Structures are given as C-alpha cells and as structure tokens.
Amino acid sequence: MDNTWFLAALWVGLALVATLFAIWFRISTALSEIVVGTVAQLIIGVAIGGAGLGAQTPWVGFLAGTGAIVLTFLAGAELDPAIFRTKWKEATVVGLAGFFAPFLGSAAIAYYVLGWALMPSWLAGVALSTTSVAVVYAVMLELGFNTTQYGKAILAACFINDLGTVIALGLIFAPFTIRTVVFVGVSAVVFGALPFITPRFFRRYGGRVSELEAKFILLALFGMGGLALWAGSEPVLPAYIIGMVLAGTVGKDHVLIRRLRTLTFGLLTPFYFIRAGSFVSVPALVAAPSVFSILFLAKMVTKMAGVFPSVRVFGHRNGADVYYTLMMSTGLTFGTISALFGLNHGIITSAQYSYLVAAVIGSAVIPTVIANAWFMPRHLLPTPTIEQDEIAARPSDAASS
Amino acid sequence: MFRKVLVAYDGSDGAKAALRVGVGLAKSLGSELHSISVEEHLPHYAVSVGEIQEAKDRVDEYFRILTKEARDQAALNGVELQTAIRQGHEVEMIVNYAKEGAFDLLLAGYHGHSRIFERVMGSTAQSIIRLSPCSVLLAK
C-alpha cells in the first residue's frame, strides 16, 4: 500500500479492533494486538498478496521500534527501589536462577533436541529466559499478594530476571569491538549521571505545557539506543537500565509516566505488537506444533529446575515454592522483543520466530492459570477485615460529597 | 431467623433489587446488613504494571462510588450497611465471604443472560446457589 495515510488508518483500525477484543475478553491489549496482527496478515496477505500489512515499511518499523524502547523504559521505571532494598538478596538469587536456568537450558534443548543452529539456539534461550513483571503484578494485585512480603519478593525477583534477559540480548549478539567498549563506557557515565541530572533539570525547567520532560526522556532513549545500535547491540538494553536508574525519581512522577504511557499505548505499542504478530507464520505453527510444545515445555521445566530450589533456600514451603516458580515462569514483553530482535537481525527464521512467539504467549497464560487453580498459597493471602473495608471505602465519601 | 444478611452488589439492576430487599429485611427484622462487591475486571496478561494499576484505580473508584450510593440508600431507610470490596473471581469471593462472616442469608440479583450464554458458561446466580453456605434469595 503506497498511500501512507491509508496504511496508517489500516494499522490504527486494527489497533482499535484489538482493543475491543481486549475489552470483551478481558485480556491485555498487547496480547490481543499480537493475535490481531497475525490474523490480519494472514487474511490481508491472502487477499492482496505481496507485503500485506506493510510491516516492513520504514515508518511502521520506526514507530514499532520506538514502542519497544519506550515500553522497555516504562518497565524499568516500574521498579520499586524500596522493595528491592529490603528483598535484594532473595531477588538477586532467585532472579538470576530464573534467568540462567532457562537461558542455558532452553538454548541446549533448541540446539540438541530441535537441532537448531548455535545462534538461533542462544536466541531461543534469551527469549525463553524472561518473566513478566506485568503479568505477575496483575495476579498479585488481584489476590492481594502485592502488599505481602511474599508478593514483593516475587516482583523484585522478576525485575532481576528481566535485567538478565535484557543484558543477554544486548551483549550476546554484539560483535565485541572497540565500539562495544565505547558503548559500555558511555553507558556507565550516562547511567550514573542521569539520576542526578534529571530530577534537577526537571525541577528547574519542567512542569510546563511544552512537555520538556517527555522530550528529555526520549532524547536519552534515542541517544543511547542509537549508540547501542552503532555498537551492534540492542536499543532496549539501555532503555531498560535508564528506566531502572530513574525509577526512584522520574518513575515516581505519576503525571509524567501517565503521559508517556498515553503516548506509548495510544500510538506506539499497537504498531509494535501488531507488527510482531504479523510476522508469525500460522502455516509454520500448524505444520510443526510439536516444536512450539517443546519450546514451551523447555521454558517450564528449566524455570522449575532453576527457580524452585532457589526459592526453597529462602524458606518458601507448602505450595508457596511452586506458586513462586510458576509466577517466575511467565513471559510476554521481553520474550516477544527478543524474538523480534532475532528475526530482524536474521538470527532466526520466520518459522523459528513463530514457534518462539507462540511459546512466549503460552507462557503468559498457562503458568498463571495452573498456579491459581492448584498451587495458590492461601495461607499467605492477606485477610482484610470489615473495618478495613469500611476505611478503604470511605475516602471518596468526602471527595464526592 | 436472618440475623446477618449479605447482599452481593455489583451495581446492576438485579443487584439494586437485591439491595432493596436486603434493606427491607434489615429494617423489618432488625438484621445486620452487609454487602460485598467483587472487582474482577482487571486486564490479564498485561505488558505494563502501570496499565494494570491504572485499570485498578479506575475500578476502585467505580466501586467506591457504588458502595457509597448503596450505604446512602440504606441510610435513607434507617439501616446501616457495612460494605466490603474484594478482588478476584466473583462467585468464589462471594461464597467465601458468606462462609467467613457466618451469614444467614445471601441476596443476589438475577442477571438474565441469554440462554446460550447460561448453557455454555452457567450463570453467576446458579453457581452462588450451588456453592453458598446459607440460604440464597434471588431478586429480580
């Protein structure tokens, strides 16, 4: 499609349809967008052939790439430093176990069982090593675990796990030249300086309608993303770490984060997730469903092997250990980002990408369903009293009266 | 007979009818009247904590207003309504709350889904009747 505005209308229309499906089926918009992208590419590809949705159009690629970068920044900025400080030992041990076991294990299974080449196997390891802070947080919030020490430890461990994934994605495929040294050196300076410069700069010039804060954040993300790309690395790596180092300052500015989220979810991530879905080959999945199953099981088994023993070291028993492990076995955002990185850089084929994305989506849904159905540690659930309910219900009495 | 009465309250027409019945019973029998509202509309499998938190804040605000209206309505009739808000599966939360609070009567609204929906999914009311630890009264 040569007409830019028709193409934009098509993509935004698909985003709208995906949002409606998300509302009807009560799932996340991102998951819905991936599925809509897959189905739309299938239908439009058959109907008009050729480029179909136009996912390779440069401006679509730019919007999608920006979506991945800003989304990763927001994910990093959601780290709660206070929780991490109290649970850093457990979070570090469990988070690293949750990263290394599936990273190495899934890569080995892809290499030895599926017969993939070395680089695609490493990519599979990275894509399946992730966890999903957001998926876990939704479960924690719904059950009330987010207020318990147990729930906070799980969330902190998820951050460390994802940090391992992002670092692996950023460095394992890097060529390690002098550019890599420059990138690491500049990154160290920028990551160290940003937490000091940013709040002061915002206090001095921020809070105006010109949205200086958003421009500053985008400058940091694009600048470091460009440097990462120049060094042969991946732009989401600096984005996640910038988010983490600014979590205690900028991350607490709810108005700014909300504005960035509006920009991200309103325009950018629909392009990212629909594009990610459009590259999924349904014929490849139908032709070899066992590959998807093996990859999914590889993630589950290796997560269990890594996380379960490390969780028990910190005294979690009576179902809390299995539940913790299943929560750490989830995945969505970084799994799809890793798989798309592999496809874009020619590390994996379209079919391998499809199997990985399917396994990642499976890991977003299945572990939480199993965990809540059979392994929920009810003895750790907080029990609000009726008096607490009354207090919780009262603030808006005053506000609305 | 009905010393403690619980109303499952989600703001629907059926739930409002159940609340009216509950207020009437509490007034005439001198029963203790409680309500439980269950938030079950959080997005699952989201990509951002902020997305979930924002959805939760909206749902919280909706239920705060809803329970305030319910308390006001009960207060107009001289009845004190004690409200509770829970997150999770609607039927499970309502039934567990009824068990924990040792209620004598559970009041719920009839939603009236399509026959196909009810055949496939089963209705909330049917599940509550089946699992409730106490007598159930459905209001229309």
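The values are calculated or read from the model by the stated rules, or taken from the named source; none is laboratory data. All figures in this text were calculated on a predicted structure; none of them were measured in a lab. When we count neighbours, we look across all protein chains shown, and the Cβ atoms used for this are built from the backbone with ideal geometry, even at glycine.
See the values below:
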quantity	calculated
Residue within region A:231-246 that is touching a Ser or Thr at 6+ places or on another chain (Cβ under 8 Å), more than 23 Å from A:VAL182 (Cβ to Cβ) and among the β-branched types (Val, Ile, Thr) present	no
Residue that is away from chain B (no Cβ under 13 Å), surrounded by fewer than 19 Cβ atoms within 10 Å (Cβ to Cβ), more than 26 Å from B:GLY88 (Cα to Cα) and hydroxyl-bearing (Ser, Thr, Tyr), where the choices are A:THR86, A:THR66, A:THR38	A:THR86
Cross-chain or 6+ apart pairs with Cβ under 7 Å, region A:74-91 first and part of a helix (DSSP H, G or I), then of a type in the set (D, E, K, R) and crowded, with 21+ Cβ neighbours inside 10 Å	A:ILE83/A:LYS152
Counted residues, region A:297-322 - those being touching a residue at least 12 places away in the same chain (Cβ under 8 Å) and in a helix (DSSP H, G or I)	18
Residue match in region B:33-52 (condition: part of a helix (DSSP H, G or I), over 12 Å from the mean Cα position of the chain (by Cα) and either under 18 Å from B:ILE94 (Cα atoms) or not β-branched (Val, Ile, Thr) (or both))	yes
Count of residues meeting criterion [buried (at least 24 other Cβ atoms within 10 Å of the Cβ), at pLDDT below 80 and hydrophobic (A, V, I, L, M, F, W, C)] in region B:29-50	2
Odd one out for B:GLY24, checked against (1) surrounded by fewer than 19 Cβ atoms within 10 Å (Cβ to Cβ); (2) in a helix (DSSP H, G or I); (3) more than 14 Å from chain A (Cβ to nearest Cβ); (4) modelled with pLDDT under 90	(4)
Filter result for the condition that a residue is over 23 Å from the mean Cα position of the chain (by Cα), modelled with pLDDT of 95 or more and farther than 27 Å from A:ASN344 by Cβ, over A:GLY192, A:GLY206	A:GLY192
Tally, over region A:34-69, of residues that are under 19 Å from A:THR336 (Cβ atoms), among the small types (Gly, Ala, Ser), at pLDDT below 90 and not in a loop (DSSP other than H, G, I, E, B)	0
Condition broken by A:THR383, with the remaining ones in (1) at pLDDT below 90; (2) of a type in the set (Ser, Thr, Tyr); (3) closer than 25 Å to A:ILE27 by Cβ satisfied	(3)
Complete set of residues in region A:23-33 that are outside any helix (DSSP H, G or I) and surrounded by fewer than 24 Cβ atoms within 10 Å (Cβ to Cβ)	A:ARG26, A:ILE27
Which listed residue, of A:ALA124, A:ALA110, is at pLDDT 90 or above and closer than 16 Å to A:SER363 by Cα	A:ALA124
Check on A:GLY52, touching a residue at least 12 places away in the same chain (Cβ under 8 Å), at positive phi and away from chain B (no Cβ under 14 Å)	yes
Region A:106-147, residues that are within 14 Å of another protein chain (Cβ to nearest Cβ) and surrounded by fewer than 24 Cβ atoms within 10 Å (Cβ to Cβ)	A:MET140, A:LEU141, A:GLU142, A:LEU143, A:GLY144, A:ASN146, A:THR147
Filter result for A:PHE265 (within 18 Å of A:THR66 (Cβ to Cβ), part of a helix (DSSP H, G or I), at pLDDT 90 or above and within 20 Å of the chain's Cα centre (by Cα))	no
Some residue of region A:348-366 being outside any helix (DSSP H, G or I) and either in contact (Cβ under 8 Å) with a residue 24 or more places away in the chain or loosely packed, with under 15 Cβ neighbours inside 10 Å (or both)	yes
Yes/no for B:ALA98 being within 14 Å of chain A (Cβ to nearest Cβ), crowded, with 20+ Cβ neighbours inside 10 Å and modelled with pLDDT of 85 or more	yes
Answer residue from region B:74-94, given it is part of a helix (DSSP H, G or I) and touching a residue at least 24 places away in the same chain (Cβ under 8 Å) and is surrounded by the most Cβ atoms within 10 Å (Cβ to Cβ) among those	B:ILE94
Only one of A:ILE172, A:ILE160, A:ILE167 that is in contact with a Phe, Trp or Tyr (Cβ under 7 Å, 6 or more places away or on another chain) and either of a type outside the set (Ser, Thr, Tyr) or farther than 26 Å from A:PRO382 by Cα (or both)	A:ILE172
Odd one out for A:GLY151, checked against (1) buried (at least 24 other Cβ atoms within 10 Å of the Cβ); (2) closer than 12 Å to A:ILE83 by Cβ; (3) away from every other protein chain (no Cβ under 13 Å)	(3)
Count of region B:53-71 residues which are over 16 Å from the mean Cα position of the chain (by Cα) and more than 7 Å from every other protein chain (Cβ to nearest Cβ)	5
Verdict on B:ALA18 being surrounded by 23 or more Cβ atoms within 10 Å (Cβ to Cβ), more than 14 Å from every other protein chain (Cβ to nearest Cβ) and either aromatic (Phe, Trp, Tyr) or not in a loop (DSSP other than H, G, I, E, B) (or both)	yes
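Each row is one residue, and each column tells you yes or no for (1) more than 14 Å from chain B (Cβ to nearest Cβ); (2) out of contact with any helix residue (DSSP H, G or I) (no Cβ under 6 Å at 6 or more places or on another chain); (3) modelled with pLDDT of 90 or more.
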| position | (1), (2), (3) |
| --- | --- |
| A:THR249 | yes, no, no |
| A:SER278 | yes, no, yes |
| A:SER310 | yes, no, yes |
| A:THR333 | no, yes, no |
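For (1) of a type in the set (A, V, I, L, M, F, W, C); (2) touching a helix residue (DSSP H, G or I) at 6+ places or on another chain (Cβ under 7 Å), each residue gets a yes or a no:
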| residue | (1), (2) |
| --- | --- |
| A:ALA101 | yes, yes |
| A:GLY105 | no, yes |
| A:ALA110 | yes, yes |
| A:LEU123 | yes, yes |
| A:VAL126 | yes, yes |
| A:THR131 | no, yes |
| A:GLU142 | no, no |
